[in-house]
Amino acid sequence: MKKYLDKIFHLFISSGTGEVKAPPPARHFQGWWSIREKLGLPPRILYGIIPVVLLLILWALMTHGSAESRVISPLILPSPIEVVSSFPTLWFQAELSRSIVASTLRVIEGFLVSLALAFPLSILMGSFSRIKALFEPSTIFLAYLPIPALVPLTMSIFGIDELQKVMFLALAFFIYMVPMFVKAVEDVDNVYLQTAYTMGASRWETVRKILLPVALPQIINTMRLGFGVGWTYIILAEMVAAERGLGQIIIIAQRRGPREHIYLVLVVIVLIAYLTDKLWVRLYNRLFPYLRTK
């Protein structure tokens, strides 16, 4: 190890003169194994399509032929053509558009309820150590609580109507966002606080004009990620007594069929989550253009 370090040292320091030499030109690794190579949009799209195409080919091969000759039974995995051809029945008979609206409203309502509770609590916990010590054990307990366990818990408290579904999502959002919000406030550098104290800012002025504005970009980004997490729980939220919703379609397709609807709805959920994430990115870039993200 010492011999290797000596070689590096002599590359920069010439013998006798002590003059600092320029480092040798960096090696440029080309091809698949280039480190941190910047790719343009076309190659990124091309590389992203390759695994999808391979997966579709594998799927088609595993579900090709008659029901008896297939590697995987159509009762477990329909073919890609069967899944796509079932879309009209999903749209008209299962009322896909109304289910999308119902699930979206539940996610938004759960998110807003959670935000109304998590945001002020997190700002207080991140700003004041005693408030954090007061609530931290409860938030840690919730963080380790399995999300599916919230389904019977919310059913026993709120019943099985619409309120239960909204409160289940609100709890799931709350568990995710509170520690992230608190971290965003705690990550504010103490230099800002010392400057505020030097200028004579009061306690609440420091929170309102220093901690909150500096932490706000990270808080907005957490809200963006948390909103996407909510879509991963929509099936759990709509497991019981949902008049309509994307999760309800999946539950019915699992019990009575057609199985093709399960895979179509999963694609729909992913697309909705992706599009809403892009809306969050646009909002983030509009609010914080100096921290522009993709």
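Some observations on this one:
- Checking residue 240 against (1) at pLDDT 85 or above; (2) not in a helix (DSSP H, G or I), the condition it does not meet: (1)
- Counting only helices (runs of 4 or more DSSP H) that sit completely within segment 169-237, those holding 2 or more residues that are touching a residue at least 24 places away in the same chain (Cβ under 8 Å) and open to solvent by less than 50 Å² (accessible area, probe 1.4 Å) correspond to 212-232, 234-237.
- If the condition is being farther than 23 Å from residue 266 by Cα and either of a type in the set (Val, Ile, Thr) or outside any helix (DSSP H, G or I) (or both), then segment 72-125 contributes 113, 123.
- Lone unmet requirement of (1) open to solvent by less than 60 Å² (accessible area, probe 1.4 Å); (2) over 14 Å from residue 106 (Cβ atoms); (3) in a helix (DSSP H, G or I); (4) not β-branched (Val, Ile, Thr) for residue 258: (3)
- Which numbered condition residue 92 fails, given (1) exposed (fewer than 12 other Cβ atoms within 10 Å of the Cβ); (2) at pLDDT 85 or above: (2)
- Subset tally (residues that are over 21 Å from residue 248 (Cα atoms) and either of a type outside the set (Val, Ile, Thr) or surrounded by fewer than 17 Cβ atoms within 10 Å (Cβ to Cβ) (or both)) for segment 95-126: 13
- Test: residue in segment 72-84 that is polar (S, T, N, Q), in contact (Cβ under 8 Å) with a residue 24 or more places away in the chain and surrounded by 13 or more Cβ atoms within 10 Å (Cβ to Cβ): no
- Looking at 57, 45, just one residue is part of a helix (DSSP H, G or I), within 25 Å of the chain's Cα centre (by Cα) and modelled with pLDDT of 85 or more, and that residue is 45.
The values are calculated or read from the model by the stated rules, or taken from the named source; none is laboratory data. Fair warning: this is a prediction, and the values are worked out from it, not measured in the lab. FYI the Cβ positions are ideal-geometry reconstructions off the backbone, even for glycines, and counts take in every protein chain you see. The area values use the complete protein model at the heavy-atom level, side chains included, leaving out ligands, DNA and RNA. Shrake-Rupley method; radii C 1.70, N 1.55, O 1.52, S 1.80 Å.
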